[in-house]
1. Where does the charge balance sit around A:S159 when Lys and Arg score +1, Asp and Glu -1, over other residues with C-beta under 12 Å from its C-beta?
2. Given a 1.4 Å probe and no ligands, DNA or RNA in the count, how much accessible surface is buried by B and A, both sides, to the nearest 100 Å²?
3. Evaluate peptide B:25-32: per residue, the Cβ atoms of other protein chains within 10 Å of its Cβ; return the mean as an integer.
4. Sum -39500 (n - 2.57) across every DSSP H segment of at least 4 residues in chain A, then divide by the residue count to get the 222 nm mean residue ellipticity, nearest 500.
5. Take the residue pairs A:K6/B:K34; A:K39/A:K142; A:K17/A:K39; B:K14/B:K34; A:K90/B:K34; A:K17/B:K34 and return only those whose Cα atoms are more than 24 Å apart.
6. Could you state the number of Å between the C-alpha centres of region A:142-180 and region A:53-70?
7. Leaving out ligands, DNA and RNA, what percent of the accessible area of region A:1-133 is carbon and sulfur, probe 1.4 Å?
8. In square angstrom, what is the accessible area per residue of region A:59-182 with a 1.4 angstrom probe?
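The values are calculated or read from the model by the stated rules, or taken from the named source; none is laboratory data. Predicted, not measured: the structure shown is a model, and the values here were computed from it. Every residue, glycine as well, gets a Cβ built from its backbone with ideal geometry; the counts of neighbours run over all protein chains shown. Just so you know, the surface numbers come from the protein's heavy atoms only, side chains and all, with ligands and any DNA or RNA stripped out. Shrake-Rupley method; radii C 1.70, N 1.55, O 1.52, S 1.80 Å.
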Amino acid sequence: MDPAEKDLQLQLSQPKKRAAAFSSLVRSYQERLYWHIRKMVLSHDDANDVLQNTFMKAWNGLDGFRGDSQVSTWLYRIATNETLTFLSNKRMRNLQSLDGDEDMMLQNLQADTYMNGTELQQKLQKAISTLPDKQRLVFNMKYFDDITYEQMENILGTSVGALKASYHYAVKKIEKFFSEED
Amino acid sequence: MKTNKNILFEEIGKELPFSVPDNYFEQFANQIDKQIGYSSTRTHKIFRTWMYAVAAVFVGVMVLTPVFYTSNNQRSIVKNTDNYETYVLSQVDESALLDCYVDNSSTK
């Protein structure tokens, strides 16, 4: 473990220094985690809610953090779980409503006011929104964030082989989406 | 050789078509600070620092005031003594002074 990580974990474990250490942790990781979540939930408001839940879960769970993984891996794990739970709850609510679950992700994408970029970039987001949640997660982490399969394995708890296969299928589906749209 | 897949993804790039409201991350971090009670701790620290500064200035004033007061007082006594002599001399005319001088000389 590198000295900076060791020092951070030490400060987080001390009640007097905990709040200050956590505050700087939020400032260091908020952008990375925000984009990790935003790519999944698509809407800014939803990403904001999930990010808040992520940090509050981390804050309340600091005593349970035993330091067997890096703080960043632990935060990514919480953010991923919060995101998947959020999406699953949202789907349940949509199923109970008259609108149904159909195209929920597409609706999120179109309803968001903080959406811009080129036509191709928006089309890629539409293609990604058709993938199952876990596959979207793997594709986003690999394609946009260049996270290695080994790091992903630590965060998602899925084997490198399964992650590679998941990414491969995601790419195939996206290519198919583009060829059908043309 | 580049495949269709590479051409497609190279053309799209890795930019996201999303944005965030202005100052979003700054406000978000401050909001979390409040939720974990860090903001109030920091305010308390700033308040305490200010209190120390005010106390230091107060002690400084208390210590230095007598020093300034004493030196000013001495200066004003000297000034007042000079003024008194000038005043007394101005009230006495020259002939009276001369009489006084003559009286003193004859007594001796």
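1. -1
2. Numbers: alone 10800 and 10910 Å², together 18540 Å².
Its buried surface, counting both partners, is about 3200 Å².
3. 5
4. On the way: 9 runs with 141 residues, N = 182.
That comes out to -25500 deg cm²/dmol.
5. A:K6/B:K34; A:K17/A:K39; B:K14/B:K34; A:K90/B:K34
6. If you average the Cα positions of each part, the centres end up 26 Å apart.
7. Heavy-atom surface of region A:1-133 belonging to carbon and sulfur, 1.4 Å probe: 48 percent.
8. 55 Å²
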